[in-house]
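Shown next, in C-alpha cells, is the structure this report addresses.
The values are calculated or read from the model by the stated rules, or taken from the named source; none is laboratory data. From a predicted model like this one, the values you see are computed outputs, not experimental measurements. Virtual Cβ from ideal backbone geometry, glycine too; neighbours counted across all protein chains shown.
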Amino acid sequence: MNIHEYQGKAVLKEFGVPVSNGRAIFRADEAAAAARELGGPLWVVKSQIHAGGRGKGKFKEASAGEKGGVRLARSIEEVEAFAGQMLGATLVTIQTGPAGKQVNRLYIEDGSDIAKEFYLSMLVDRGTSRIAFVVSTEGGMNIEDVAHDTPEKIVTFSVDPATGVMPHHGRRVAQALGLTGDLAKQAEKLAAQLYAAFVAKDMEMLEINPLIVTTDGKLKALDAKISFDGNALYRHPDIAALRDETEEDAKEIEASKYDLNYITLDGTIGCMVNGAGLAMATMDIIKLYGESPANFLDVGGGASKEKVTAAFKIITADPNVKGILINIFGGIMRCDVIAEGVIAAVKDVGLQVPLVVRLEGTNVDLGKKIIAESGLNVISADDLDDAAQKIVKAVRG
C-alpha cells in the first residue's frame, strides 16, 4: 500500500527523522490559512499523488499553469493562486502514464535553503532476504537515470537482521555521501531512525529524494515516498487508515474485497487463473501469440462460486477487454466450482466478448459438462497452448 508524501513524513517524524513543517489541504480556500500558520517567507506547494516525478510533471489543463506539480511560492497570494490552479487538475508525470492523476490534495511546506542534495532509499532485497540501503550523491534526479548513466555513484549495502542497524552502517552512509564531522554523526543517527521506522511499520520501500543538507549544516528529508507490505497491514491500523482509494484502480479495490490478487494491465485479453505461476505462464503465452493480457488475476487455490463470480465481473468491467481466457488447473480448486461461478457471472452480467475456458484437474469432466450444458457461447480448449491460440484468434475476429 502506498501513501502520500505528507503522510510519509508524519510517520518518519514519529521516529525522529528531521522533516520540514507543512500542512495538507484539500480545498483551495484552505491555502492562505496554512501558509500563515507556517509563516514563510518561502513556501513550497506540492501536489500529492501516488507517483514520482511531480516536479517535472505537467498538468493537462492550461489553467493549471506550466510550472509542474511542485512550485515555490514567495507570498501568500502565490500560495493561494497555485492551490487554485493545481487542485482538481490532472498531473502527468513519468510514472503516471499519459492518463495522469487528478490532484485532490496539496502539501504546503516551509521552504528550505539547500546546500546539497542526496538520494537515500531502503527496500527489501529479496536476493539476500535483508533490508538494503541504496545511497547516492546524485539527489533530486531519477535514480533510474543515475543507475544507467553513472552506476558507480550508487552505493548499496544490506543489514543483517540478526544484529539490526549498527553504527558502522550509518558511517557507511556518511562515507558514500562524502559527509564528515557533525554531518557524519547526523547520517549515522538518521540511518538508525530510518531502519527503526522501516522495521516497525513493515515497510516495503522507503525513498527520500532528495535528502538535503541545509545551508546551516542540517540533514533533512525533503521528500518521503513509502509503500507498506499489504499482508502486514492488519498489524498497523494506523497505517491502513492512511489509504487513499482515489489513487487506486477501482477494479483492484473491488478485487481486494474478495481477496482476489488482481492487477490491471494495458492489454485486451482478460485472464482468470488460479495460482500466480500459472497466471504468469498464461500471460506469457498470450504475448507469444501476439496479443497482450488486460490483467493479472489469481483467484487462489480454494475459491468459492461467489469469488469466481466476482472475479468475472471485475474482468468484464474493463472496457479494454476484447476477450476472456479462463485457465484453471484444479488441485485444491475444483473445476465444477469454477464452471458454476462462470455460468452465474455470465447470466448476471452477460457475455459481450469471446470466452475461452480451459479446465484440468479435480472434477474436470463435471466442470466441462456443466459448461457444455449451460447453453452459453463458450469456446472449450484442451490445453494452455490451444486456449491461447483460440482466444487470440477470437479477439482478432
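Table: residues versus (1) modelled with pLDDT under 95; (2) within 26 Å of LEU190 (Cβ to Cβ).
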position: PRO18; (1), (2): no, yes
position: GLY22; (1), (2): no, yes
position: PRO41; (1), (2): yes, no
position: ILE76; (1), (2): no, no
position: GLN102; (1), (2): yes, no
position: LEU106; (1), (2): no, no
Next on the checklist: Being touching a residue at least 60 places away in the same chain (Cβ under 8 Å), more than 23 Å from GLY88 (Cβ to Cβ) and either of a type in the set (Lys, Arg) or assigned to a loop (DSSP other than H, G, I, E, B) (or both) is the filter here; which residues of region 13-38 pass it?
Outcome noted: PHE15, GLY16, VAL17, PRO18, SER20, ASN21
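Okay, residues lined up against (1) of a type in the set (A, V, I, L, M); (2) in a loop (DSSP other than H, G, I, E, B); (3) more than 17 Å from GLY140 (Cα to Cα); (4) without any contact (Cβ under 8 Å) to a residue 24 or more places away in the chain:
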{"residue": "HIS50", "(1), (2), (3), (4)": "no, yes, yes, no"}
{"residue": "GLY55", "(1), (2), (3), (4)": "no, yes, no, yes"}
{"residue": "SER63", "(1), (2), (3), (4)": "no, no, yes, no"}
{"residue": "GLU66", "(1), (2), (3), (4)": "no, yes, yes, yes"}
{"residue": "GLU77", "(1), (2), (3), (4)": "no, no, yes, yes"}
{"residue": "GLU80", "(1), (2), (3), (4)": "no, no, yes, no"}
{"residue": "ALA83", "(1), (2), (3), (4)": "yes, no, yes, no"}
{"residue": "GLN95", "(1), (2), (3), (4)": "no, yes, no, no"}
Checklist entry - Since ILE315 meets every condition but one in (1) surrounded by 20 or more Cβ atoms within 10 Å (Cβ to Cβ); (2) in contact with a helix residue (DSSP H, G or I) (Cβ under 8 Å, 6 or more places away or on another chain); (3) among the β-branched types (Val, Ile, Thr), which condition does it not meet? => result (2)
Item to check | ASP238 vs. criteria in contact (Cβ under 8 Å) with a residue 24 or more places away in the chain and out of contact with any Cys (no Cβ under 6 Å at 6 or more places or on another chain) | outcome: no
Checklist entry - Residues of region 1-37 being farther than 22 Å from SER227 by Cβ and surrounded by 21 or more Cβ atoms within 10 Å (Cβ to Cβ), which ones? => result ILE25, ALA31, ALA34, ALA35
Checklist entry - Just one of ILE391, ILE324, ILE286 is under 22 Å from GLY267 (Cβ atoms), under 27 Å from the mean Cα position of the chain (by Cα), in the same structural domain as LEU260 (by TED's automatic domain parsing) and in a helix (DSSP H, G or I); which is it? => result ILE286
Next on the checklist: So for region 338-361 (the condition being without any contact (Cβ under 8 Å) to a residue 40 or more places away in the chain, more than 35 Å from the chain's Cα centre (by Cα) and not in a strand (DSSP E or B)), does at least one residue qualify?
Outcome noted: no
Checklist entry - Do any helices (runs of 4 or more DSSP H) entirely within region 101-201 hold 1 or more residues that are more than 25 Å from the chain's Cα centre (by Cα) and surrounded by 15 or more Cβ atoms within 10 Å (Cβ to Cβ), and if so, which? => result 167-177, 181-200
